[in-house]
Amino acid sequence: MTDKTIQNAPQAQLLDRADVRVKHAEGFGGAVSAFFDRVRSGDLGSLPVIVGLAIIWTVFQSLNPVFLSANNLVNLLFDCSTVGVIALGIVCILMLGEIDLSVGSVSGFASALVGVLWVNQGWPVGFAIVTAMVAGAVIGSVYALLLNRFGMPSFVSTLAGLLAVLGLQLYLLGSTGSINLPYESPLVNFGQLMVMPAWVSYGLAAIAGIGIFWTGYREATRRREAGLSAQSIAGIVARAVVITALLEAIVFYLNSSRGIPWMFGLFVGLVVAMNYALKRTKWGRSMHAVGGNREAARRAGINVRYIYTTAFMLCSTLAATGGILAASRLASSSQQAGTGDVNLNAIAAAVIGGTSLFGGRGSAYSALLGIIVIQSIASGLTLLDLSSSLRYMITGAVLAIAVIVDSLARRSRVSHGRA
Amino acid sequence: MTGTSQEPASARELVLSLRGISKQFGAVSALTDIDLDVHAGEVVALVGDNGAGKSTLVKVLAGVHQPTSGTITFKGDPVTLSDPATALGLGIATVFQDLALCENLDVVANIFLGKELSPMRLDEVSMEIKAWKLLNELSARIPSVREPIASLSGGQRQTVAIARSLLLDPKLIMLDEPTAALGVAQTAEVLDLIERVRERGLGVIMISHNMEDVRAVADRIVVLRLGKNNGVFLPDASNQELVSAITGAENNSVSRRASRRSQAQESQP
């Protein structure tokens, strides 16, 4: 009680603290209670996925002690990266309240294209990769065109695309059905072997911590100079130190095995870039606005068609990228690539990670967290030697639970005025 | 400079001029041959019954709907308002009846929506300061500009929408039912604000059902009825005149009710 009255005095001068009716979180205790308030009102953020991950890891570790071994976790990170990149594109689409059901097919098509152009036609590998990514972008622009010109719901257009692109993939691969990628090539090495040297991984973890501190510090100083309330320097330092320590510990543990895969590094790099684009650019702001209230965004002068086009193109391009990574991981382009559960795993990862199916809410990090959950389940069940039938059922159940949590949290947010 | 407010409105620069604007939605004619002039530093009130076409006219001027026929002249040049961005770019700002805010974004993001500072690296601090300045000019009672719009009350949302329309220094500002959701004090603030905007030399179009508010600030009152012009009045026009222009007849439910009441009062003593 006493420190509240002390703190109230200087706050009166701050531009954004003039109104006495609003509670402001002060200090560490305030931050904790603000967090609980948020959760109670349905603003769950990444809490469900972290709780879910803790449960899943505890269960699998108790059933099979190999599960949390560094070796298995490194493999897990390799597997995460392929579908994770696809899920990152799905985050963009879900942000607008749309859906892309064809990402699996697009990824398979891209892997087939790389196989055909590179191995069969003898193109340079870089050329083949760029061509496959451009092909993905073209597919996305077709969906956007169908939506913008003809008002075709993305649900239908991408369902049609799922079949059509799968047909293209089968046509490209022809009667042979699969193309093996050269085992010694850099692309396959990238997908199967290449890990960061220890100093690089420790360095990157440290850079992440420094980055968090630096952006937080800069913003706090600018806000203070401008007469706005700002986070305390001690809080920023504490946050940066805790996150750095956590990352370094993870890196240390994984380095006791093979180390951090470069492919996972690429995935995390894409996640960070996407997070910046969604949070700190005009484009990202427009994405949130269109997903939240399309008509309001249009009346504010946002080019809604352009936003849809970029989102669909980005999603398909990332799906193609994921397909190429999957091909390098498996060292082959086959008719099976991108079929089965790839589609739903990517969508499930985004939703489980906390991106709302209803549009307007989500973050790039949900792709990262969600895919780790999905791959943990897959890996754990494989270790238990359970068949894929059971894996499908369990993944389906987890997706259903994630959507239920999303719906309930949304209802709670509406009633608490946080929609 | 000092003489501007004494001049009659017609002598000042014509900001907006509509001639023969019609808008059809399928078989329905929402607007037929509408003429309207707005001068700089003038408040034009647009009144009419439900379905008279007031909101449709505002949406035509905001670039949300395109007129079926007719010409729009803005500051002397004929213009085509093909989309909202064009209208905003010319300097026509609109506060819609449904406010058109994004509930999932916070107050700052809504005020700057579509006009963010430094697009590749959003300047949140400058935007927040400017947002507070705009809101303080309106004597707004917004507790925090970092809360999503969903957590604000109707009146607070109205204030945010008005603040947003002022962001780009428009030449013409249109307010669709600006006081409908507001309390007594806030209504007075908005009317003060409209007068302040007029003093700055902007044209104002205001739609309202509240005759008291209309009379308080309007320089001219334009009546629409069933999508057509139905007279222009000065603010000293009597209620009787306005109501009959709005409803279209001397003999209508409002005048019948009024005469019943006056008869009842006469018969009492």
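Here, each number is a calculation from the coordinates, and none is a lab measurement. Given the structure is predicted, the values throughout are model-derived calculations rather than measurements. FYI the Cβ positions are ideal-geometry reconstructions off the backbone, even for glycines, and counts take in every protein chain you see.
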Anything over 21 Å Cα to Cα? Flag those among B:Lys23/B:Lys228; B:Lys75/B:Lys171; A:Lys282/B:Lys75; B:Lys23/B:Lys59, in the order listed.
A:Lys282/B:Lys75
Can you give the convex hull volume per residue for the Cα atoms of the protein assembly as shown, as a whole number of Å³?
225 Å³
Computed helical MRE - 222 nm, the protein assembly as shown, DSSP H runs ≥ 4 contributing -39500 (n - 2.57), nearest 500:
-19000 deg cm²/dmol
Mean Cα-pair separation over length for the range B:170-255, i.e. relative contact order, pairs under 8 Å, 6 or more apart, %:
23 percent
Derived scalar couplings ³J(HN,Hα) [the range A:327-340; Karplus, 6.51 cos²θ - 1.76 cosθ + 1.60; whole Hz; x for Gly, Pro]
4, 5, 5, 8, 6, 7, 10, 10, 5, 7, 4, x, 8, x
Given all pairs of distinct Cα atoms, chain B yields a Kirkwood Rh in Å of 19.8 Å
Fewest Cβ neighbours within 10 Å first, please rank A:Tyr143, A:Tyr202 accordingly.
A:Tyr202, A:Tyr143
Would you mind working out the magnitude of the charge dipole of chain B relative to its Cα centre, with +1 at each Lys and Arg C-beta and -1 at each Asp and Glu C-beta, to the nearest 20 Debye?
380 debye
Pairwise label distance in nanometres, A:Ala198 with B:Ser29, each label 7 Å out on the Cα-Cβ vector
8.6 nm
Note: B:147-155 gets an average of partner chain Cβ contacts (10 Å, Cβ to Cβ) equal to 3
Looking at the protein assembly as shown, what % of its DSSP beta bridges pair antiparallel, to the nearest 5?
60 percent
With +1 on each Lys and Arg Cβ and -1 on each Asp and Glu Cβ, and nothing else charged, work out how big the dipole of the range A:197-260 is about its Cα centre, in Debye to the nearest 20.
120 debye
Relative contact order, percent, the range A:197-260 [alpha-carbon distance under 8 Å, six or more residues apart]:
47 percent
Stretched out fully, how many nm does the piece from A:Tyr183 to A:Arg224 gain, at 0.36 nm a residue minus the Cα gap?
9.1 nm
Over the range A:342-383, volume per residue of the alpha carbon convex hull, in Å³
56 Å³
Which length gain, in nm to one decimal place, applies between A:Asp37 and A:Val156 when the Cα-Cα distance is subtracted from 0.36 nm times their residue separation?
38.9 nm
Between A:Asn71 and B:Arg141, the two model label points (7 Å from Cα along the beta-carbon direction) sit apart by a distance in nm of 6.8 nm
Among B:Asn210, B:Ser82, A:Val373 - extreme Cα towards positive end, dipole of the protein assembly as shown, charges at beta-carbon
A:Val373
Neighbouring partner chain Cβ atoms per residue of A:219-227, average, 10 Å criterion:
2
Quick check for you: which residues of the range A:225-245 have the amide N under 13 Å from the point 7 Å beyond the Cα of A:Phe28 toward its beta carbon?
A:234-239, A:242
Length-normalised contact order for the range B:13-237 - Cα pairs under 8 Å, 6+ apart - percent
30 percent
What is the antiparallel percent of DSSP beta bridges lying wholly in the range B:13-237, to the nearest 5?
55 percent
Report, in whole Å, the centroid distance computed from the Cα atoms of the range A:68-90 and the range A:245-288.
12 Å
Using only alpha carbons, build the gyration tensor for the range B:58-113 and give me the equivalent ellipsoid semi-axes, biggest first, whole Å.
25, 12, 8
Among residues other than A:Arg258 whose Cβ falls under 15 Å from its Cβ, what is the net charge (Lys/Arg +1, Asp/Glu -1)?
0
